[in-house]
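The values are calculated or read from the model by the stated rules, or taken from the named source; none is laboratory data. Everything numeric here is computed off the predicted structure, so don't read it as measured data. Glycine gets a Cβ as well: all are built from the backbone with ideal geometry, and neighbour counts include every protein chain shown. Remember, those area values only see protein heavy atoms, side chains included, never the ligands or the DNA or RNA. Shrake-Rupley method; radii C 1.70, N 1.55, O 1.52, S 1.80 Å.
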Amino acid sequence: MHSRCCTTVLLCAALVASTAWAGFTKITEGDIVNDSGWCYGGAWADYDGDGFQDLFVINNNSNQGRNNFLYLNNGDGTFTRITAGAIATDVANSSGCAWGDYDNDGWLDLVVANVQTPNCLYHNDGNGIFTKVTTGPIVTDSSRCNGASWGDMDNDGDLDLMVATGVLGMYNDLLYRNNGNGTFTKITDSPVVNDATGAGGSAWGDFDSDGDLDLFVGGYDGHNRLYDNDGTGTFTSIDTGIVVTDGNYTMGAGWADYDNDGDLDLFTAKNDYFGGSDNALYRNDGTGNNWLWVRCVGTVSNRSAIGARVQALADIRGADVRQTREISAQTGGGTSGQSSLLAAFGLGDASIVDTLVVRWPSGIVQTLTSVAVNQILTVTEPQTAVEEAIPKPQASSSAPTFVRGVLNIANGSSTSSSPSWLLDISGRNVLVLHAGANDLSKLSPGLYFVREAQAQAQAQAVRKVIVQR
């Protein structure tokens, strides 16, 4: 019997929730645990910006007419399955998916890798709706794809895309450079796309800590592939060493510094299809280059900070280098896999990070300067500019109010009898609120604040409202 190992983030068969005593309670109600299919994996992301992680699940058998599944987190421990739109109705033999904000508009988009049919790219319009992209090489190329990985390979501030393909010797991997205007250029002159090995997984990571994203690609032919980036998105194939000679049906991969020594180690999950193949963990012995790991903790955004964009600017080898990382729940590529949730920056000879910028999923932008190197830095999301400009909510204030379409203000409340406003996370007044029904349907999903004036002008109550679709 063959063992089919993988580093799947979510098991399609069961969803579990943590309890206070660190055990688990199996969730048995709702579409999210009662839908069935030929599920290959899933990826979490807060696609509507309300602070709660939503879920996309891929199906791998188009002959059964199974579409993929998209679940909206309702914020109360339940999920609503989305049934409208191409992202929820397309039927394909899907094998991998990855969220990433490829056009830098602050909303997470989604790529879905398919087998023998063109891959799918869905643009997040920012209102809970996705538009299917129908032009460009990403969505017109067809291959036996096994997964996709986003990464800024050329340090230009936008996410490029690698798509791994399977079946030994029959297909080349696919690499696309982001043009910075919402379009992509297919790369045809790189060893990444000219080594026809059959790939089961891919993962971006700066293994030599020199300030650029390198690439690991798992092989089906007994040889993995490791590509060293020169900083411009030009790669050299590494042909020696245990990582590249220790292949045999590598299905998934993920980078993480498991021993906290300042360099990225590698785990690979293998399918015992050819026999005698165990999973593998490779310790990185390091280069001596400097580094910075950033652990992001969300407060307004989801606590894991999935979807956060982190940029580090530093002088490396005499040049200003700005690196970009996006925190993702599906960063290992392949049919399944996840790298560390820490934003990992190799810094070469840089003695300090001049500027570190975190763009949180909530839209809050946080900037740190003169950050020391060679540390694991925890960055906690601030409670927004709104809370600096407005008095803090009273201790008795309740949890956020979840709104779909209409916010009702009761007659006789402080809000109904005095001026009040709805503010976005930047502190901008977006709506004057009145007693009765207030239509919020035209607002983008996310976090807002209701500022209620009390009888005394100096005493204002603030409460949070999360607008949902």
inquiry  = Being open to solvent by 30 Å² or more (accessible area, probe 1.4 Å) and either modelled with pLDDT of 80 or more or over 22 Å from ASP46 (Cα atoms) (or both) is true for just one of SER420, SER416, SER444, SER426. Which residue is that?
reply    = SER416
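Please pick out the residue among ALA314, ALA305, ALA350, ALA344 that is touching a residue at least 60 places away in the same chain (Cβ under 8 Å), within 15 Å of TRP204 (Cα to Cα) and not polar (S, T, N, Q). Give the derivation first.
Values: ALA314 fails: within 15 Å of TRP204 (Cα to Cα); ALA305 fails: within 15 Å of TRP204 (Cα to Cα); ALA350 fails: within 15 Å of TRP204 (Cα to Cα).
Matching residue, one of ALA314, ALA305, ALA350, ALA344: ALA344.
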message = Just the residues that are in contact with a Ser or Thr (Cβ under 6 Å, 6 or more places away or on another chain) and within 23 Å of ILE129 (Cα to Cα), please, taken from the stretch 31-50.
response = GLY41
ask   = Which of the strands (runs of 3 or more DSSP E) contained wholly in the stretch 37-135 include at least 3 residues that are buried (at least 18 other Cβ atoms within 10 Å of the Cβ)?
value = 39-45, 54-59, 69-73, 94-100, 109-118, 120-124
remark   = Those residues of the stretch 273-313 that are in a loop (DSSP other than H, G, I, E, B), out of contact with any Ser or Thr (no Cβ under 6 Å at 6 or more places or on another chain), on the phi < 0 side of the Ramachandran plot and aliphatic (A, V, I, L, M) come to a total of 2
inquiry  = Among the residues of the stretch 238-259, what is the count of those that are touching a residue at least 40 places away in the same chain (Cβ under 8 Å) and β-branched (Val, Ile, Thr)?
reply    = 2
inquiry  = Pairs needed: first member in the stretch 430-444, part of a loop (DSSP other than H, G, I, E, B); second member anywhere, loosely packed, with under 12 Cβ neighbours inside 10 Å; C-beta distance under 6 Å; at least 6 residues apart or different chains.
reply    = ALA435/ASN411
query = What are the residues in the stretch 178-203 that are under 19 Å from the mean Cα position of the chain (by Cα) and modelled with pLDDT of 95 or more, if any?
reply = ASN178
task = For residues that are at pLDDT 90 or above and of a type in the set (Gly, Ala, Ser), scanning just the stretch 329-382, find the one that is nearest to the chain's Cα centre (by Cα).
result = ALA343
request  = Identify all residues within the stretch 224-254 that are open to solvent by less than 30 Å² (accessible area, probe 1.4 Å), in a loop (DSSP other than H, G, I, E, B) and modelled with pLDDT of 90 or more; write none if there are none.
outcome  = GLY231, GLY233
request  = Consider only pairs whose beta carbons are under 6 Å apart and that are at least six residues apart or on different chains; among these, list those whose first residue lies in the stretch 178-202 and is among the aromatic types (Phe, Trp, Tyr) and whose second residue is assigned to a strand (DSSP E or B) and modelled with pLDDT of 95 or more.
outcome  = PHE184/TYR176; PHE184/ASN178
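Select from the stretch 268-297 the residues that are more than 14 Å from the chain's Cα centre (by Cα) and within 16 Å of ALA329 (Cα to Cα) and write down the one among them that is surrounded by the fewest Cβ atoms within 10 Å (Cβ to Cβ).
VAL297
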query = Among the residues of the stretch 255-270, which ones are small (Gly, Ala, Ser) and in a loop (DSSP other than H, G, I, E, B)?
reply = GLY262
inquiry  = I'd like to know if the stretch 458-467 contains one or more residues that are over 23 Å from ASP46 (Cα atoms), modelled with pLDDT of 75 or more and either open to solvent by 80 Å² or more (accessible area, probe 1.4 Å) or within 27 Å of the chain's Cα centre (by Cα) (or both).
reply    = no
